[in-house]
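Report on the following structure.
The values are calculated or read from the model by the stated rules, or taken from the named source; none is laboratory data. As the structure is a prediction and not an experimental result, all values here were calculated from the model. Every residue, glycine as well, gets a Cβ built from its backbone with ideal geometry; the counts of neighbours run over all protein chains shown.
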Amino acid sequence: MRNQSTLRHLFPSQFAVLLLASATALVPAQQAQPSGTPQSTPPSTAQSSASPSTNPTYSSKEGFWGHMNPFARKKWVKRQTDPINDRLSELDEINAKNANDIRDVDGRAQAGIRRAQSTADSANQTATAAGTQAQLANNTAQGADIHVNNLNSTVNGLDQYTQVTEAEVVFHGGQPILSAAARKQLDDLAASITGRKGYILEVEAHSPAAGSAGIQNSERLAAVVKRYLVTEHQIPVYRLHSVALGNAQVAAAGDEGTKPVRTSSVHVRLMENSLAAQETAPPNGVASSAGAERP
């Protein structure tokens, strides 16, 4: 009877323990599989979830129950670091290629800059030479213009004479004899010629006689004056220009009318060329260039 009562008291407690254990076992199962979720995953979903990504991934789990193995082998370490080394090598190659490309581009750029600088220097030298040639041409043109102006002045001044001085030689009684006063006048006139170039002497002889007698007498008077200047003062003959006017009435310089000839006289004028006055080439220089130079 006692054993039965004991069993009767033990059975409820054991039964409660069994119920508690079964309840505890059901809780993890319910947590592992939520309600409303099918037990089996569709093949398409499983394949899509299990499909590898573009870049392959390597599992870093080793050992029992998927835990990290603290004592990893060299092969495992190499298998983990090989992708990284490959990427580093690829980056090094890319960097080296980029460096080479940069050097090539820089070399081409420097070569282009040198060619452009050389072309610019050549163009600058050409422009400088052209400027020098233009300056020389301008100087030549200016020199030619000055030379032409000088030639024009020379041509215009060839027959331009101005009076320097004059002398009036009087012959008493119409005789072709030079008096002391007449010789003094001619000596003074010849002294003023010393050092001059490009001059001429105009000799006008007058006689009060009419007709041919007056002309012949005036010719003798002019010949006496020219002879004295040539023999006594070495005046070149080609610089003496004479005319026998007889009793022809000639207007005096500065007078409006003419005066009658009353005495026998010779009027001598010293005329100088305008070129000689400007200390330029005198007419006798032109003659000398033609081989007819005279003193």
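Test residue 201 against the stated conditions and say whether it is in a helix (DSSP H, G or I) and of a type outside the set (Ser, Thr, Tyr). Step through it out loud before you land on a result.
Details: in a helix (DSSP H, G or I): no; of a type outside the set (Ser, Thr, Tyr): yes.
Judged against the criteria, residue 201 is not a match.
It is to be established whether one or more residues within segment 229-237 are modelled with pLDDT under 90 and not in a helix (DSSP H, G or I).
To start, the set of residues in segment 229-237 that are modelled with pLDDT under 90 comprises none.
Checking segment 229-237: not a single residue is modelled with pLDDT under 90 and not in a helix (DSSP H, G or I).
Suppose we filter segment 206-228 for residues that are touching a residue at least 40 places away in the same chain (Cβ under 8 Å) and part of a loop (DSSP other than H, G, I, E, B); how many remain?
Looking only at that region, the number is 2.
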